[in-house]
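Before any comments, here is the structure.
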Amino acid sequence: MTRRSLGKPAPARRGPTPRGISSQPAGLATAEGAALTGAEPEEEEDLSAPVPPERLAHVRERIRAIPDFPKPGILFRDITPLLADPKAFHMVIDALVERFIGHTVDAIVAIDSRGFIFGAPLASRLNTAFVPARKPGKLPADTLKVEYGLEYGRASLEMHKDALAPGSNVIVIDDLLATGGTAAAAGELVLALGARVLAYTFIIELDALAGRSKLEPVPVVSLIHY
C-alpha cells in the first residue's frame, strides 16, 4: 500500500504526552472551534515566530558545545544530552507540535539521519505520515535524487517516488540548520513530487551561517539559536 492510497490524515492530537505541556482542547484554535464557542477566530499564526527563550532554557542547557569537532575550528553542538533527558526531549516535541496545531500537515519529511529522531515523534503527535529523505542507496524502491553542494564537495538525498501525494502539505525537519543546503535539497524533492513545503523545522539554528536565506520565503521554525 502506498501513501497515495491512505487518504487524508486525522487531525493533530492535542492531548499531552506523558510529560507533555499542551492541554488545549481540540478545535479552540480553529475557525470551526471559534464558531462553536462564539469566540472570534484567531489570526493566522506566523510559523516563523521565535519561541520565547525562557520557555526552552532547560533544552538549551542540555545542548553542549564540543570544540574542534569533527575538525579543528568547528564548534559542534551536541544533542546527545538532550536526547538522554526525557523532560527536555518532550519539551522539544511539544514546542514543535504546538506550532503546527490547526494547520493541515500531510507528511513529515525527515532528513537522514538525526532528523529521524525528531521527525518520527512529531509525525506521531500530528497524526500524519513519516517520510525519510535518505542518503543514496538506502531506499529499496524507485527514488528521486537531488544533488547539492558542500564546502568539500557534493552530496545527495533521495526519496521514494510514491512517498508523497501531489498537493500534500509537508514539514521538512532536521536537527540543525547551518548553511541550508541539505534542507533545500529535501525541499526540492518535495516539490519534484508535486507537494508543498509548509515549513522547514529545526531544533538548532546557527544564525551566523545564514542558512535560512536559502529556504525563505517558506517559513523556517527553529527552537534554539546560536
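Here, each number is a calculation from the coordinates, and none is a lab measurement. Predicted model only: the values in this text are computed from it and were never measured. So basically every Cβ, Gly included, is an ideal-geometry build from the backbone, and we count neighbours across all protein chains shown.
Applying a 10 Å radius around every beta-carbon, put 214-222, 51-59, 170-178, 69-77 in order of their mean neighbour count, most first.
Final packing ranking: 170-178, 214-222, 51-59, 69-77.
I need the semi-axes of the equivalent ellipsoid of the stretch 177-226: take the C-alpha gyration tensor, multiply each eigenvalue by 5, square-root it, list largest first in whole angstrom. Write out the running numbers ahead of the final one.
Numbers: eigenvalues 78, 22, 13 Å².
The answer is 20, 10, 8 Å, longest axis first.
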Length gained if Asp46 through Ser124 is fully extended, taking 0.36 nm per residue and subtracting the Cα-Cα distance, is 25.8 nm
Along principal axes, largest first, the alpha-carbon spread of the stretch 56-121 in whole Å comes out as 43, 25, 16
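For the stretch 78-154, which chymotrypsin sites (Phe, Trp or Tyr not before Pro) are both in a DSSP coil and crowded by at most 11 other Cβ atoms within 10 Å? Kindly include the intermediate steps, with their values, before the conclusion.
Numbers: sites: Phe89, Phe100, Phe116, Phe118, Phe130, Tyr148, Tyr152; in loops: Tyr152.
Passing sites in the stretch 78-154 are Tyr152.
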Placing each pseudo-label 7 Å from Cα in the direction of the beta carbon, Tyr152 and Asp85 end up separated by a distance in nanometres of 3.0
Residues meeting the amide H criterion for Ile224 (H placed from the backbone, H to H distance under 5 Å, 5 or more places apart or on another chain) are Ile204, Glu205
Correct semi-axes for the stretch 98-225, from √(5λ) of the alpha-carbon gyration tensor and rounded to whole Å with the largest first, are 20, 19, 13
